[in-house]
Amino acid sequence: MADMDNKDQAELDPADLEDVEDVEEEETGEDVNSKVPGFVRLPSARQLTVQMMQNPQILAALQERLDGLVGSPSGYMESLPKVVKRRVNALKNLQVKCAHIEAKFYEEVHELERKYAALYQPLFDKRSDIVKAAYEPTEEECEWKADEEEELTEEMKEKAKVEEEKKDEEKEDPKGIPEFWLTVFKNVDLLSDMLQEHDEPILKHLQDIKVKFSDPGQPMSFSLEFYFEPNEFFTNTLLTKTYKMRSEPDENDPFSFDGPEIMGCTGCTIDWTKGKNITLKTIKKKQKHKGRGTVRTVTKTVPNDSFFNFFTPPDVPESGDLDEDSEAVLAADFEIGHFIRERIVPRAVLYFTGEAIEDDDDDYDEEGEEADDEEGEEEGEEENDPDYDPKKDANPPAECKQQ
């Protein structure tokens, strides 16, 4: 019988023997080596990893190593045969030619923008006339079927019309659309962040914003023109901001080309009425004389936060080198200028009513739903993980309390 057992054991596959040994070890919970005198159990690879990840010095060194790898070649190109590398270089040359063709495409797009801007402008001019009460739209032009009115009966419509007329009789007859552009600015986070309380009385006088493209044959650029009615703050009726653009690949880095980019911008001089310059403020400081101990009050004029600083951007040196603060200011400036050109001017009435803002919010809601789905998937993965212990999550962390 013993021979039969030995024979059966000899015929077992070595992998089967390993499985049997593993099961026995799990069941008994004992380690044969632990009984050997002087034996010390070494930590497992998993335990070592956990210990290393808890060491801040190791984490910092690892992060520094990873940062050094960003943008570096993977090493695959170096492993290719020389003849293949030559062919890859040929592909790169083709890619450079593609970038130059793409630049031509954007130049033609700019020409199309200029062409259609001329078609839009009569409509924008009429919008401006209505806003500043230079033109009163006809009954036919004022007809608009709002979504909530679609299911109203004729009787309800008539009743609503009578109530609106009564309200209009009780109020003063406003001219045009008061505070149109100020309301647009306040409705858009990107612009409202720039507004200060002392800017609002001035922006109530803003009557129109226009976009003007560079003439054919001239370097690519566009200007924002802000038209003001006469006011007590400055004598200008027009304030301008011009953005210079470039639509050609950089010779030193042609693969970075991704369409026209703003290279710089210039503002204009605001002729402030005396005592009305809100971009400056006066502060008083007390200074104590070191020797005599006397105290004197010094008056200083310093910059003040204001939307109208938008018209005095930092100068870009020919070298293109800027400090971090100037770079941040210009980056925000370019974003604002592009947004006014692409969104605000073409769709001003929708930002006035808030409809365009609702569309933007809907976009963000969709992204939020996607994020929620991803979180759900991660939770599902945790539950399917054989090492996942739900008891560890039995006591969730306390919620943060709002201060």
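The table below gives the values:
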quantity	calculated
Selection within segment 221-238 - over 21 Å from residue 343 (Cα atoms) and among the acidic types (Asp, Glu)	229, 232
Segment 222-247, residues that are over 30 Å from residue 204 (Cβ atoms) and open to solvent by 20 Å² or more (accessible area, probe 1.4 Å)	244, 245, 246
Within segment 87-103, considering residues that are within 16 Å of residue 250 (Cβ to Cβ) and either of a type in the set (D, E, K, R) or not in a helix (DSSP H, G or I) (or both), the one most open to solvent (accessible area, probe 1.4 Å)	97
Single residue of 119, 123 found to be open to solvent by 100 Å² or more (accessible area, probe 1.4 Å), modelled with pLDDT of 90 or more, among the hydrophobic types (A, V, I, L, M, F, W, C) and under 24 Å from residue 245 (Cα atoms)	119
Flag for residue 200 being surrounded by fewer than 17 Cβ atoms within 10 Å (Cβ to Cβ), at negative phi and modelled with pLDDT under 95	no
Neighbours by Cβ (under 8 Å, 6+ apart or cross-chain): first from segment 224-244, outside any loop (DSSP other than H, G, I, E, B) and at pLDDT below 95; second aromatic (Phe, Trp, Tyr) and open to solvent by 10 Å² or more (accessible area, probe 1.4 Å)	243/334
Residue in segment 299-312 that is over 30 Å from residue 100 (Cα atoms) and charged (D, E, K, R) present	yes
Residue list for segment 276-299, restricted to those being exposed (fewer than 10 other Cβ atoms within 10 Å of the Cβ) and either hydroxyl-bearing (Ser, Thr, Tyr) or within 30 Å of residue 191 (Cβ to Cβ) (or both)	282, 294, 297, 299
Close pairs from segment 185-199: first more than 18 Å from residue 341 (Cα to Cα), partner open to solvent by 10 Å² or more (accessible area, probe 1.4 Å) and assigned to a helix (DSSP H, G or I), Cβ under 9 Å, at least 6 apart	195/186
Selection count where residues are surrounded by 10 or more Cβ atoms within 10 Å (Cβ to Cβ), more than 29 Å from residue 228 (Cα to Cα) and charged (D, E, K, R), scope segment 300-345	1
Test set (1) open to solvent by 100 Å² or more (accessible area, probe 1.4 Å); (2) at pLDDT 70 or above - residue 63 fails condition number	(1)
Residues that are under 17 Å from residue 308 (Cβ atoms) and surrounded by 13 or more Cβ atoms within 10 Å (Cβ to Cβ), drawn from segment 248-275	265, 266, 267, 268, 270, 272
Selection within segment 172-197 - open to solvent by 50 Å² or more (accessible area, probe 1.4 Å) and in a loop (DSSP other than H, G, I, E, B)	172, 173, 174, 175, 177, 178, 179, 193, 196
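The values are calculated or read from the model by the stated rules, or taken from the named source; none is laboratory data. Only a predicted model underlies this, so the values are computations on that prediction, with no experimental measurement involved. Cβ sites come from the backbone with ideal geometry, for glycine too, and all protein chains shown count toward neighbours. Side chains are part of the model used for accessible areas, which takes the heavy atoms of the whole protein and leaves out ligands, DNA and RNA. Shrake-Rupley method; radii C 1.70, N 1.55, O 1.52, S 1.80 Å.
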